[in-house]
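This report concerns only the one structure given below.
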Amino acid sequence: MGDGYGAKTTKKKKKSGGKKKKMAVEQTLAAKSVCEWVFLESLSAPITSADGFGVPKSHTRFADKMIFELHSHSTCSDGVLSPFALVERAYRNGVKVLALTDHDTMAGIPEALEAARKFGIKIIPGVEISTIFSPRGESGPEEPVHILAYYSSCGPSRFEELEKCLANIRDGRFLRAKNMVSKLNNLKMPLKWEHVAKIAGNGVAPGRLHVARAMVEAGHVENLKQAFNRYLYDGGPAYSMGSESLAEEAVQLICQTGGVAALAHPWALKNPVSVIRGLKAAGLHGIEVYRSDGKVAAFSDFADTYDLLKIGGSDYHGKRSHYESDLGSVNLPVLALHKFLQVARPIWCNAIKDVLQNFAEEPCDSNLQRIARFGKIKNLQGGLLSCGKDVLDLCLSSWLTIEERQTIDAETLSLKLSRAVINQTGIEVSVTSI
Ligand SMILES: [Zn+2]
Ligand SMILES: [Zn+2]
(Lines give C-alpha, C1' and ligand atoms only; values in the text may rest on other atoms or scores of the structure.)
(Ligands and ions follow the chains in the order given, each with its own letter.)
Protein backbone atom coordinates (compact mmCIF):
# COMPACT_ATOMS: atom_id res chain seq x y z
CA MET A 1 0.00 0.00 0.00
CA GLY A 2 1.09 3.57 -0.01
CA ASP A 3 0.37 5.12 -3.37
CA GLY A 4 -0.29 8.69 -2.37
CA TYR A 5 -3.60 10.12 -3.27
CA GLY A 6 -4.06 13.84 -3.47
CA ALA A 7 -1.09 14.94 -1.37
CA LYS A 8 0.80 18.00 -2.53
CA THR A 9 4.47 17.70 -3.32
CA THR A 10 7.12 20.35 -3.70
CA LYS A 11 10.10 20.56 -5.96
CA LYS A 12 13.35 22.18 -4.82
CA LYS A 13 13.25 25.96 -4.81
CA LYS A 14 16.12 28.11 -5.96
CA LYS A 15 18.39 29.20 -3.14
CA SER A 16 20.12 32.55 -2.96
CA GLY A 17 23.94 32.81 -3.35
CA GLY A 18 25.28 32.56 0.23
CA LYS A 19 22.73 30.06 1.32
CA LYS A 20 23.48 28.00 -1.75
CA LYS A 21 27.17 27.87 -0.89
CA LYS A 22 26.46 26.83 2.68
CA MET A 23 24.14 24.12 1.39
CA ALA A 24 26.85 22.89 -0.99
CA VAL A 25 29.40 22.62 1.84
CA GLU A 26 26.88 20.87 4.06
CA GLN A 27 26.06 18.49 1.25
CA THR A 28 29.70 17.65 0.55
CA LEU A 29 30.34 16.92 4.22
CA ALA A 30 27.20 14.78 4.41
CA ALA A 31 28.21 12.86 1.27
CA LYS A 32 31.67 12.24 2.72
CA SER A 33 30.29 10.95 5.98
CA VAL A 34 27.67 8.76 4.26
CA CYS A 35 30.35 7.35 1.94
CA GLU A 36 32.53 6.44 4.89
CA TRP A 37 29.68 4.39 6.31
CA VAL A 38 28.65 2.83 2.99
CA PHE A 39 32.16 1.49 2.44
CA LEU A 40 32.94 0.50 6.00
CA GLU A 41 32.16 -3.16 5.50
CA SER A 42 33.65 -3.62 2.05
CA LEU A 43 36.93 -2.00 3.08
CA SER A 44 37.40 -4.05 6.23
CA ALA A 45 36.06 -7.42 5.10
CA PRO A 46 38.79 -9.94 4.29
CA ILE A 47 36.67 -11.30 1.45
CA THR A 48 36.49 -9.14 -1.67
CA SER A 49 33.06 -8.18 -2.86
CA ALA A 50 33.37 -8.15 -6.64
CA ASP A 51 33.14 -11.34 -8.61
CA GLY A 52 32.37 -10.75 -12.21
CA PHE A 53 29.86 -7.97 -11.76
CA GLY A 54 32.31 -5.16 -12.33
CA VAL A 55 31.52 -3.52 -9.01
CA PRO A 56 33.28 -0.18 -8.79
CA LYS A 57 35.88 -0.11 -6.06
CA SER A 58 36.45 3.59 -5.92
CA HIS A 59 34.54 5.88 -3.57
CA THR A 60 34.75 8.89 -5.73
CA ARG A 61 32.97 7.46 -8.74
CA PHE A 62 29.55 7.97 -7.30
CA ALA A 63 30.03 10.28 -4.35
CA ASP A 64 28.17 13.01 -6.20
CA LYS A 65 25.15 10.90 -7.13
CA MET A 66 24.07 8.32 -4.62
CA ILE A 67 20.73 6.57 -4.71
CA PHE A 68 19.24 5.33 -1.45
CA GLU A 69 16.25 3.02 -1.29
CA LEU A 70 14.76 2.65 2.18
CA HIS A 71 11.53 0.77 1.48
CA SER A 72 11.24 -2.44 -0.56
CA HIS A 73 9.63 -5.88 -0.56
CA SER A 74 10.65 -9.35 -1.75
CA THR A 75 8.99 -12.74 -2.15
CA CYS A 76 9.50 -13.22 1.59
CA SER A 77 6.38 -11.07 1.97
CA ASP A 78 4.26 -9.84 -0.93
CA GLY A 79 6.95 -8.73 -3.38
CA VAL A 80 7.50 -10.36 -6.74
CA LEU A 81 11.31 -10.55 -6.78
CA SER A 82 13.41 -12.84 -4.58
CA PRO A 83 15.76 -11.01 -2.20
CA PHE A 84 18.62 -11.83 -4.60
CA ALA A 85 16.75 -10.54 -7.67
CA LEU A 86 15.68 -7.43 -5.73
CA VAL A 87 19.29 -6.61 -4.85
CA GLU A 88 20.29 -7.24 -8.45
CA ARG A 89 17.60 -4.83 -9.66
CA ALA A 90 18.69 -2.26 -7.08
CA TYR A 91 22.24 -2.57 -8.36
CA ARG A 92 21.12 -2.18 -11.99
CA ASN A 93 19.13 0.92 -10.97
CA GLY A 94 22.19 2.47 -9.35
CA VAL A 95 21.07 2.04 -5.72
CA LYS A 96 23.97 2.19 -3.24
CA VAL A 97 22.06 1.61 -0.01
CA LEU A 98 19.05 -0.69 0.07
CA ALA A 99 16.77 -1.43 2.99
CA LEU A 100 14.80 -4.64 2.60
CA THR A 101 11.61 -4.06 4.57
CA ASP A 102 9.37 -7.08 4.06
CA HIS A 103 6.07 -7.19 5.94
CA ASP A 104 6.49 -8.76 9.38
CA THR A 105 9.54 -10.87 8.52
CA MET A 106 13.30 -10.57 8.29
CA ALA A 107 13.60 -13.92 6.52
CA GLY A 108 14.98 -12.34 3.34
CA ILE A 109 17.83 -10.45 5.00
CA PRO A 110 20.56 -13.15 4.85
CA GLU A 111 19.96 -13.71 1.11
CA ALA A 112 19.89 -9.96 0.47
CA LEU A 113 23.17 -9.48 2.34
CA GLU A 114 24.75 -12.33 0.42
CA ALA A 115 23.66 -10.79 -2.88
CA ALA A 116 24.72 -7.32 -1.76
CA ARG A 117 28.26 -8.58 -1.22
CA LYS A 118 28.34 -9.66 -4.85
CA PHE A 119 26.97 -6.42 -6.20
CA GLY A 120 28.86 -4.16 -3.84
CA ILE A 121 25.89 -2.35 -2.31
CA LYS A 122 24.98 -1.78 1.31
CA ILE A 123 21.97 -3.41 2.95
CA ILE A 124 20.09 -2.00 5.92
CA PRO A 125 18.28 -4.96 7.51
CA GLY A 126 14.71 -3.83 7.96
CA VAL A 127 11.13 -4.93 8.46
CA GLU A 128 7.73 -3.25 7.98
CA ILE A 129 5.57 -4.13 10.96
CA SER A 130 1.77 -4.27 10.61
CA THR A 131 0.18 -2.61 13.59
CA ILE A 132 -3.05 -1.03 14.73
CA PHE A 133 -3.23 2.50 16.06
CA SER A 134 -5.93 3.05 18.56
CA PRO A 135 -6.42 6.70 19.55
CA ARG A 136 -6.57 7.01 23.31
CA GLY A 137 -8.63 9.75 24.81
CA GLU A 138 -9.16 11.19 21.36
CA SER A 139 -12.01 10.66 19.00
CA GLY A 140 -11.37 8.83 15.76
CA PRO A 141 -11.33 5.30 14.49
CA GLU A 142 -8.70 2.62 15.02
CA GLU A 143 -6.61 2.28 11.92
CA PRO A 144 -3.91 0.02 10.48
CA VAL A 145 -0.46 1.59 10.63
CA HIS A 146 2.76 0.29 9.09
CA ILE A 147 5.94 0.93 11.03
CA LEU A 148 9.33 0.57 9.40
CA ALA A 149 12.20 -0.71 11.53
CA TYR A 150 15.83 -0.27 10.50
CA TYR A 151 18.67 -2.18 12.10
CA SER A 152 22.45 -2.33 11.88
CA SER A 153 24.27 -5.05 9.95
CA CYS A 154 24.05 -7.50 12.84
CA GLY A 155 20.30 -6.99 13.12
CA PRO A 156 18.24 -6.49 16.27
CA SER A 157 20.13 -6.81 19.54
CA ARG A 158 17.32 -8.95 21.00
CA PHE A 159 16.29 -10.77 17.85
CA GLU A 160 14.18 -13.42 19.61
CA GLU A 161 11.96 -10.79 21.19
CA LEU A 162 11.29 -9.06 17.89
CA GLU A 163 10.83 -12.38 16.10
CA LYS A 164 8.19 -13.46 18.61
CA CYS A 165 6.17 -10.34 17.89
CA LEU A 166 6.58 -10.79 14.12
CA ALA A 167 5.62 -14.48 14.29
CA ASN A 168 2.40 -13.53 16.10
CA ILE A 169 1.53 -11.07 13.37
CA ARG A 170 2.35 -13.62 10.64
CA ASP A 171 0.10 -16.23 12.28
CA GLY A 172 -2.62 -13.60 12.39
CA ARG A 173 -2.17 -12.95 8.68
CA PHE A 174 -3.04 -16.55 7.82
CA LEU A 175 -6.21 -16.23 9.83
CA ARG A 176 -6.97 -12.85 8.32
CA ALA A 177 -6.52 -14.08 4.73
CA LYS A 178 -8.82 -17.02 5.49
CA ASN A 179 -11.44 -14.59 6.83
CA MET A 180 -11.18 -12.47 3.69
CA VAL A 181 -11.66 -15.56 1.50
CA SER A 182 -14.76 -16.58 3.44
CA LYS A 183 -16.14 -13.02 3.24
CA LEU A 184 -15.62 -13.10 -0.54
CA ASN A 185 -17.34 -16.47 -0.72
CA ASN A 186 -20.29 -14.98 1.17
CA LEU A 187 -20.31 -12.15 -1.36
CA LYS A 188 -20.83 -14.81 -4.06
CA MET A 189 -17.24 -14.70 -5.25
CA PRO A 190 -16.03 -18.27 -4.91
CA LEU A 191 -12.34 -18.40 -4.09
CA LYS A 192 -10.31 -21.26 -2.76
CA TRP A 193 -7.98 -20.77 0.20
CA GLU A 194 -5.43 -23.07 -1.50
CA HIS A 195 -5.37 -20.70 -4.46
CA VAL A 196 -4.39 -17.74 -2.23
CA ALA A 197 -1.82 -19.83 -0.35
CA LYS A 198 -0.29 -20.96 -3.65
CA ILE A 199 0.03 -17.36 -4.86
CA ALA A 200 1.67 -16.32 -1.57
CA GLY A 201 4.22 -19.11 -1.93
CA ASN A 202 5.54 -21.70 0.43
CA GLY A 203 5.52 -20.52 4.04
CA VAL A 204 4.83 -16.88 3.13
CA ALA A 205 2.16 -15.24 5.26
CA PRO A 206 -0.54 -14.18 2.79
CA GLY A 207 -1.54 -10.54 2.52
CA ARG A 208 -4.31 -8.59 0.84
CA LEU A 209 -2.30 -8.44 -2.36
CA HIS A 210 -2.25 -12.23 -2.61
CA VAL A 211 -6.03 -12.35 -2.12
CA ALA A 212 -6.42 -9.63 -4.75
CA ARG A 213 -4.30 -11.57 -7.23
CA ALA A 214 -6.40 -14.67 -6.67
CA MET A 215 -9.53 -12.56 -7.31
CA VAL A 216 -8.10 -11.37 -10.63
CA GLU A 217 -7.10 -14.89 -11.63
CA ALA A 218 -10.56 -16.21 -10.74
CA GLY A 219 -12.11 -13.48 -12.91
CA HIS A 220 -14.03 -11.74 -10.10
CA VAL A 221 -12.36 -8.40 -10.83
CA GLU A 222 -10.47 -6.98 -13.78
CA ASN A 223 -7.36 -5.87 -11.93
CA LEU A 224 -5.75 -5.45 -8.51
CA LYS A 225 -6.90 -1.87 -8.15
CA GLN A 226 -10.50 -2.91 -8.61
CA ALA A 227 -10.08 -5.69 -6.02
CA PHE A 228 -8.84 -3.13 -3.49
CA ASN A 229 -11.21 -0.31 -4.39
CA ARG A 230 -14.33 -2.47 -4.29
CA TYR A 231 -13.68 -5.14 -1.68
CA LEU A 232 -10.36 -5.17 0.17
CA TYR A 233 -9.85 -1.55 1.24
CA ASP A 234 -9.60 -0.83 4.99
CA GLY A 235 -13.08 -1.47 6.32
CA GLY A 236 -14.23 -2.77 2.92
CA PRO A 237 -16.81 -5.58 2.49
CA ALA A 238 -14.14 -8.30 2.31
CA TYR A 239 -11.62 -6.64 4.64
CA SER A 240 -10.53 -8.40 7.78
CA MET A 241 -8.23 -7.37 10.63
CA GLY A 242 -5.22 -9.47 11.59
CA SER A 243 -3.71 -9.86 15.04
CA GLU A 244 -1.43 -6.88 14.77
CA SER A 245 0.12 -5.36 17.85
CA LEU A 246 -0.51 -1.83 18.94
CA ALA A 247 1.51 0.70 16.99
CA GLU A 248 3.01 2.29 20.14
CA GLU A 249 4.14 -1.11 21.39
CA ALA A 250 5.81 -1.90 18.08
CA VAL A 251 7.67 1.42 18.17
CA GLN A 252 8.82 0.70 21.73
CA LEU A 253 9.95 -2.80 20.75
CA ILE A 254 11.96 -1.41 17.84
CA CYS A 255 13.63 1.09 20.19
CA GLN A 256 14.40 -1.62 22.76
CA THR A 257 15.95 -3.92 20.16
CA GLY A 258 18.34 -1.34 18.72
CA GLY A 259 16.38 -0.18 15.71
CA VAL A 260 15.21 3.07 14.17
CA ALA A 261 11.42 3.36 13.93
CA ALA A 262 9.74 5.24 11.11
CA LEU A 263 6.12 5.68 10.06
CA ALA A 264 5.47 4.32 6.56
CA HIS A 265 3.34 6.12 3.95
CA PRO A 266 1.59 8.54 6.36
CA TRP A 267 -0.44 9.87 3.42
CA ALA A 268 -2.46 6.65 3.52
CA LEU A 269 -3.69 7.41 7.06
CA LYS A 270 -7.11 8.72 7.91
CA ASN A 271 -5.90 10.56 10.96
CA PRO A 272 -2.18 11.24 10.49
CA VAL A 273 -1.84 13.94 13.17
CA SER A 274 -3.14 11.74 15.94
CA VAL A 275 -0.98 8.80 14.78
CA ILE A 276 2.18 10.90 14.48
CA ARG A 277 1.64 12.55 17.86
CA GLY A 278 0.94 9.22 19.58
CA LEU A 279 3.89 7.45 18.03
CA LYS A 280 6.31 10.31 18.67
CA ALA A 281 5.50 9.94 22.35
CA ALA A 282 6.32 6.23 22.07
CA GLY A 283 9.77 6.96 20.61
CA LEU A 284 9.20 7.22 16.84
CA HIS A 285 12.32 8.52 15.06
CA GLY A 286 11.08 9.42 11.59
CA ILE A 287 8.36 9.44 8.96
CA GLU A 288 8.27 8.87 5.23
CA VAL A 289 8.14 12.20 3.46
CA TYR A 290 9.89 11.55 0.15
CA ARG A 291 8.21 9.73 -2.71
CA SER A 292 9.08 9.28 -6.36
CA ASP A 293 7.02 12.40 -7.16
CA GLY A 294 8.97 14.53 -4.70
CA LYS A 295 8.78 15.66 -1.09
CA VAL A 296 5.26 15.69 0.35
CA ALA A 297 4.96 19.17 1.81
CA ALA A 298 2.32 18.42 4.44
CA PHE A 299 4.30 15.55 5.97
CA SER A 300 7.56 17.42 5.76
CA ASP A 301 5.86 20.08 7.91
CA PHE A 302 4.67 17.40 10.36
CA ALA A 303 8.22 16.09 10.56
CA ASP A 304 9.42 19.61 11.45
CA THR A 305 6.68 20.11 14.02
CA TYR A 306 7.32 16.81 15.77
CA ASP A 307 11.10 16.80 15.28
CA LEU A 308 11.15 13.64 13.19
CA LEU A 309 13.57 12.41 10.54
CA LYS A 310 12.43 12.80 6.95
CA ILE A 311 12.98 9.64 4.95
CA GLY A 312 11.31 7.81 2.08
CA GLY A 313 11.46 4.95 -0.35
CA SER A 314 9.60 3.49 -3.31
CA ASP A 315 7.73 0.71 -1.41
CA TYR A 316 8.65 -1.42 -4.41
CA HIS A 317 6.79 -4.74 -4.73
CA GLY A 318 7.50 -5.46 -8.40
CA LYS A 319 3.78 -5.35 -9.25
CA ARG A 320 4.46 -4.50 -12.89
CA SER A 321 1.81 -1.80 -12.87
CA HIS A 322 2.40 1.80 -13.88
CA TYR A 323 1.08 2.94 -10.53
CA GLU A 324 4.10 1.54 -8.75
CA SER A 325 7.35 3.45 -8.47
CA ASP A 326 10.50 1.62 -9.47
CA LEU A 327 13.17 0.58 -7.03
CA GLY A 328 15.49 3.51 -6.42
CA SER A 329 13.13 6.06 -8.00
CA VAL A 330 12.83 8.22 -4.87
CA ASN A 331 15.21 11.12 -4.78
CA LEU A 332 16.24 10.96 -1.13
CA PRO A 333 18.81 13.72 -0.63
CA VAL A 334 22.17 12.73 0.79
CA LEU A 335 21.52 15.22 3.61
CA ALA A 336 18.41 13.28 4.61
CA LEU A 337 20.35 10.03 4.76
CA HIS A 338 23.11 11.78 6.68
CA LYS A 339 20.61 12.98 9.28
CA PHE A 340 19.10 9.50 9.41
CA LEU A 341 22.55 8.01 10.08
CA GLN A 342 23.30 10.61 12.71
CA VAL A 343 20.34 9.28 14.67
CA ALA A 344 20.72 5.63 13.67
CA ARG A 345 24.41 5.08 14.22
CA PRO A 346 24.58 5.70 17.98
CA ILE A 347 21.55 3.41 18.35
CA TRP A 348 23.15 0.73 16.18
CA CYS A 349 26.47 1.18 17.95
CA ASN A 350 24.82 0.40 21.30
CA ALA A 351 23.05 -2.64 19.83
CA ILE A 352 26.36 -3.94 18.45
CA LYS A 353 27.95 -3.32 21.84
CA ASP A 354 25.19 -5.41 23.47
CA VAL A 355 25.58 -8.30 21.04
CA LEU A 356 29.38 -8.36 21.36
CA GLN A 357 29.28 -8.01 25.13
CA ASN A 358 26.97 -11.01 25.40
CA PHE A 359 29.38 -13.00 23.28
CA ALA A 360 32.33 -11.93 25.44
CA GLU A 361 30.49 -12.80 28.65
CA GLU A 362 29.45 -16.16 27.29
CA PRO A 363 31.42 -17.22 24.21
CA CYS A 364 29.12 -20.05 23.18
CA ASP A 365 27.81 -21.20 19.80
CA SER A 366 24.43 -19.55 20.16
CA ASN A 367 25.91 -16.15 21.01
CA LEU A 368 28.35 -16.46 18.13
CA GLN A 369 25.52 -17.27 15.78
CA ARG A 370 23.65 -14.23 17.02
CA ILE A 371 26.56 -12.14 15.76
CA ALA A 372 26.71 -14.01 12.48
CA ARG A 373 22.96 -14.23 11.93
CA PHE A 374 22.90 -11.77 9.09
CA GLY A 375 26.01 -12.62 7.20
CA LYS A 376 29.44 -12.92 8.68
CA ILE A 377 29.30 -16.72 8.63
CA LYS A 378 31.36 -16.80 5.42
CA ASN A 379 34.36 -15.36 7.16
CA LEU A 380 34.07 -17.88 9.94
CA GLN A 381 33.99 -20.70 7.42
CA GLY A 382 36.94 -19.37 5.49
CA GLY A 383 39.35 -20.34 8.24
CA LEU A 384 40.36 -16.74 8.76
CA LEU A 385 39.17 -16.54 12.32
CA SER A 386 40.60 -18.78 14.97
CA CYS A 387 39.54 -17.21 18.22
CA GLY A 388 36.81 -15.04 19.69
CA LYS A 389 39.05 -12.01 19.53
CA ASP A 390 39.31 -12.34 15.73
CA VAL A 391 35.51 -12.31 15.51
CA LEU A 392 35.41 -9.23 17.69
CA ASP A 393 38.04 -7.44 15.60
CA LEU A 394 36.25 -8.26 12.36
CA CYS A 395 32.89 -7.09 13.69
CA LEU A 396 34.29 -3.88 15.12
CA SER A 397 36.15 -2.98 11.95
CA SER A 398 33.30 -3.81 9.59
CA TRP A 399 30.42 -2.43 11.61
CA LEU A 400 31.83 0.62 13.34
CA THR A 401 33.87 3.64 12.33
CA ILE A 402 37.10 4.38 14.23
CA GLU A 403 35.25 7.04 16.18
CA GLU A 404 32.47 4.65 17.17
CA ARG A 405 34.95 1.94 18.13
CA GLN A 406 36.37 4.30 20.71
CA THR A 407 33.07 4.29 22.57
CA ILE A 408 33.42 0.55 23.19
CA ASP A 409 35.72 -0.95 25.78
CA ALA A 410 37.25 -3.24 23.18
CA GLU A 411 40.25 -4.13 25.31
CA THR A 412 38.23 -5.78 28.03
CA LEU A 413 36.17 -7.61 25.43
CA SER A 414 39.33 -8.69 23.59
CA LEU A 415 40.89 -10.03 26.74
CA LYS A 416 37.81 -12.05 27.50
CA LEU A 417 37.70 -13.49 24.00
CA SER A 418 41.37 -14.05 23.25
CA ARG A 419 41.26 -17.56 24.68
CA ALA A 420 37.92 -18.58 23.22
CA VAL A 421 38.91 -20.97 20.44
CA ILE A 422 36.78 -21.45 17.36
CA ASN A 423 36.93 -24.79 15.57
CA GLN A 424 36.13 -24.46 11.89
CA THR A 425 33.36 -26.83 11.01
CA GLY A 426 31.25 -24.59 8.85
CA ILE A 427 28.27 -22.99 10.51
CA GLU A 428 28.56 -25.46 13.38
CA VAL A 429 31.25 -23.42 15.01
CA SER A 430 32.16 -24.54 18.47
CA VAL A 431 33.68 -22.21 20.98
CA THR A 432 35.38 -23.30 24.17
CA SER A 433 35.25 -20.78 26.89
CA ILE A 434 38.20 -19.86 29.08
ZN1 LIG B 1 3.07 -0.50 4.00
ZN1 LIG C 1 5.86 -1.47 2.22
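Quick check, is K295 in the same structural domain as P333 (by TED's automatic domain parsing), within 15 Å of F133 (Cβ to Cβ) and either in contact with a helix residue (DSSP H, G or I) (Cβ under 7 Å, 6 or more places away or on another chain) or away from ligand 1 (no atom under 15 Å from the Cβ) (or both)?
No.
So which of S139, S153, S157 is in contact with a strand residue (DSSP E or B) (Cβ under 8 Å, 6 or more places away or on another chain) and either modelled with pLDDT under 95 or away from ligand 1 (no atom under 16 Å from the Cβ) (or both)? Don't jump to the end; show me each part of the working.
Numbers: S139 fails: in contact with a strand residue (DSSP E or B) (Cβ under 8 Å, 6 or more places away or on another chain); S157 fails: in contact with a strand residue (DSSP E or B) (Cβ under 8 Å, 6 or more places away or on another chain).
Result of the check over S139, S153, S157: S153.
Among the conditions (1) in contact (Cβ under 8 Å) with a residue 12 or more places away in the chain; (2) surrounded by fewer than 20 Cβ atoms within 10 Å (Cβ to Cβ); (3) over 19 Å from the mean Cα position of the chain (by Cα), N350 misses just one, which is (3).
Can you confirm whether the range 354-375 contains a residue that is among the aromatic types (F, W, Y) and either farther than 23 Å from V127 by Cα or away from ligand 2 (no atom under 16 Å from the Cβ) (or both)? Yes: one or more hits.
Scanning the range 63-107 for residues that are within 15 Å of ligand 2 (Cβ to nearest atom), surrounded by fewer than 23 Cβ atoms within 10 Å (Cβ to Cβ) and on the phi > 0 side of the Ramachandran plot gives no hits. Residues of the range 272-301 that are crowded, with 17+ Cβ neighbours inside 10 Å and either part of a loop (DSSP other than H, G, I, E, B) or β-branched (V, I, T) (or both): V275, I276, L284, H285, I287, V289, S292, V296. One residue stands out in the range 108-133 among those that are in a loop (DSSP other than H, G, I, E, B) and more than 16 Å from ligand 2 (Cβ to nearest atom): the one that is farthest from V38 (Cα to Cα), namely G120.
The values are calculated or read from the model by the stated rules, or taken from the named source; none is laboratory data. Given the structure is predicted, the values throughout are model-derived calculations rather than measurements. Cβ sites come from the backbone with ideal geometry, for glycine too, and all protein chains shown count toward neighbours.
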